[in-house]
Amino acid sequence: MNFDYDLFVIGGGSGGVRAARIAAGEHGAKVGLAEESRMGGTCVIRGCVPKKLMIFASTATMMADEMRGYGWCDADAHHFDWTMFRAKLDSELKRLEMAYTTNAERAGVEIHHQRAKLADHHTVELADGTRFTAKHILIAVGGRPARIGIPGEELGLVSDDLFLLDKLPHRALLIGGGFIACEFATILNGLGVQTVQAYRGDAVLRGFDLEAREMATQQLSDIGVDLRLGLSPTRLDKTDGGVAVSFDDGSNEEFDAVFFATGRDPYTGDLGLENTEVRLKKNGAIEVDEWSQTSVPSIFAVGDVTDRVNLTPVAIREGHAFADTVFGNNARKVSHDIVASAVYLRPAELGTVGLTEEQARERGPVDVYSAVFRPMRSMFAGANTRSLMKLLVDPETDKVLGCHIFGPEAGEMIQLAAIPITMGATKADFDATMAVHPTAAEELVTMRHPSRRHPQGDE
Ligand code: NDP
């Protein structure tokens, strides 16, 4: 059978574009791609990239405080010009969007700037009714912010909206305690917005190492976020000035803006999946095997829509491995076992790789090397910032099972720590590494004695 394309990719985000570029540019496949919104997807347009630039913008007052501690008596950050920042941000995102488009086109990918749906196992239909057949179809449509099902929730905003605000709110509520809620609380607070964060649990960032979570929770309060634990909204109502929020403790408060940062759902609705036999998981994510292949042999899926590890670099790896496997005669799987990640808080970030102390204890015996200290830079300035360097070690094999860093630039540090840990390094390997002095990261190679041991794990 003759097809219009060897591969048709639905979704021009990180995973889809990588797959398309490799299949077309490196393996000579004829590739079409449809994107209904802006090329670059969540990470580039409404996620990691604008978020990180906003994190940078939000540190001015902290830096000014620190510099005053170093003798710059008149260091101050008076007025943040959101309009100017937004204009710069918009042009940077346009530049990146263009780069994504031209790189894909240069590789030979034909881009269709409209929505696509599946019509059958080898056919996609664009919004204008055009149909294309393809030998293989890759679904890389990502996820969308989820709300929580309370009355009036449509009055609240989601993460996508932050980057499009005409002006910053005076007083904002963030709902949730995950990656996005904590990063957005840090940003808004740093930009001078009175920020309340309501989280239903007792320490933010569930799933991360508890010791690190507790430090992150404390830091949010220390920088001025009004963090309210054990609290959830029950309804939202419109008022003259903004939104009134009722909470489950019976209280009621008004905000200029309310943001839901309560997780993301796979974007599988209205994708034409009913025209196929593609199987979904309970939460609507597309079920795939270790080759990113769905229950239909001609249809594959990568990235957040599969709800494996929902991070950009993972989607990129999955897309690349798919293209190499299907078009490059080079079968490659992606290991999701050890994936480092970082939460961009301020002043300390949280970087993590491998098992948490809690997971390691469930697995068996573990030695915990944990150093909590005040980093040199902020201590001199008189700030009370705390850092954590933590290694979890299997006492039987000496293998490092996990590393957790809470401190300035932890994202950068964890990327480097992830290399030996992925290679299977032992604590002896860390100990044999000469320290770089004076750094915070030298703690990772100088912790001689366990802070605690769990000889039996949790058994
Ligand atoms: P998360 O899953 O990280 O957090 C969702 C938060 O919402 C949790 O605190 C959760 O509480 C809370 N929540 C969920 N349902 C309800 C409810 N019904 N009522 C009250 N609270 C609720 O999702 P995010 O939206 O923060 O981020 C989505 C994804 O984006 C992440 O999984 C991550 O992969 C990615 N991301 C990565 C970043 C990075 O790498 N730096 C940055 C931003 C996003 P509970 O903990 O109790 O379940």
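Structural remarks
- Residue within region 58-69 that is among the polar types (S, T, N, Q), out of contact with any Phe, Trp or Tyr (no Cβ under 9 Å at 6 or more places or on another chain) and free of Cβ contacts under 8 Å to residues at least 60 places away in the same chain present: no
- For region 137-189, residues that are within 29 Å of residue 272 (Cα to Cα), of a type in the set (Lys, Arg) and part of a strand (DSSP E or B) total 1.
- Only one of the numbered conditions (1) within 16 Å of the ligand (Cβ to nearest atom); (2) touching an Asp or Glu at 6+ places or on another chain (Cβ under 9 Å); (3) closer than 22 Å to residue 158 by Cβ is violated by residue 242, and that is (1).
- Here is the figure for region 300-320: residues that are among the small types (Gly, Ala, Ser) and surrounded by fewer than 24 Cβ atoms within 10 Å (Cβ to Cβ) total 0.
- In region 362-378, the count of residues that are among the small types (Gly, Ala, Ser), in contact with a Gly (Cβ under 6 Å, 6 or more places away or on another chain) and on the phi < 0 side of the Ramachandran plot is zero.
- Any hit, region 204-226, residues being closer than 26 Å to residue 81 by Cβ and part of a strand (DSSP E or B): yes
- Counting only helices (runs of 4 or more DSSP H) wholly contained in region 1-120, no element carries 1 or more residues that are more than 28 Å from the chain's Cα centre (by Cα) and of a type in the set (S, T, N, Q).
- Taking region 372-459 and the strands (runs of 3 or more DSSP E) fully enclosed by it, the elements with 1 or more residues that are of a type in the set (Gly, Ala, Ser) and in contact (Cβ under 8 Å) with a residue 60 or more places away in the chain are at 400-407.
- On inspection, residue 279 qualifies as surrounded by fewer than 19 Cβ atoms within 10 Å (Cβ to Cβ) and either within 16 Å of the ligand (Cβ to nearest atom) or on the phi < 0 side of the Ramachandran plot (or both).
- Subset of region 332-358 (residues that are away from the ligand (no atom under 16 Å from the Cβ) and surrounded by fewer than 20 Cβ atoms within 10 Å (Cβ to Cβ)): 332, 333, 335, 337
- Whichever residue in region 22-44 is of a type in the set (Asp, Glu) and under 11 Å from residue 112 (Cβ atoms) and, among such residues, is surrounded by the most Cβ atoms within 10 Å (Cβ to Cβ): 35
Here, each number is a calculation from the coordinates, and none is a lab measurement. What you are looking at is a predicted structure, and each value in this text was computed from that prediction instead of being measured. Don't worry about glycine lacking a Cβ; one is built from the backbone with ideal geometry, like all the others, and counts go over all protein chains shown.
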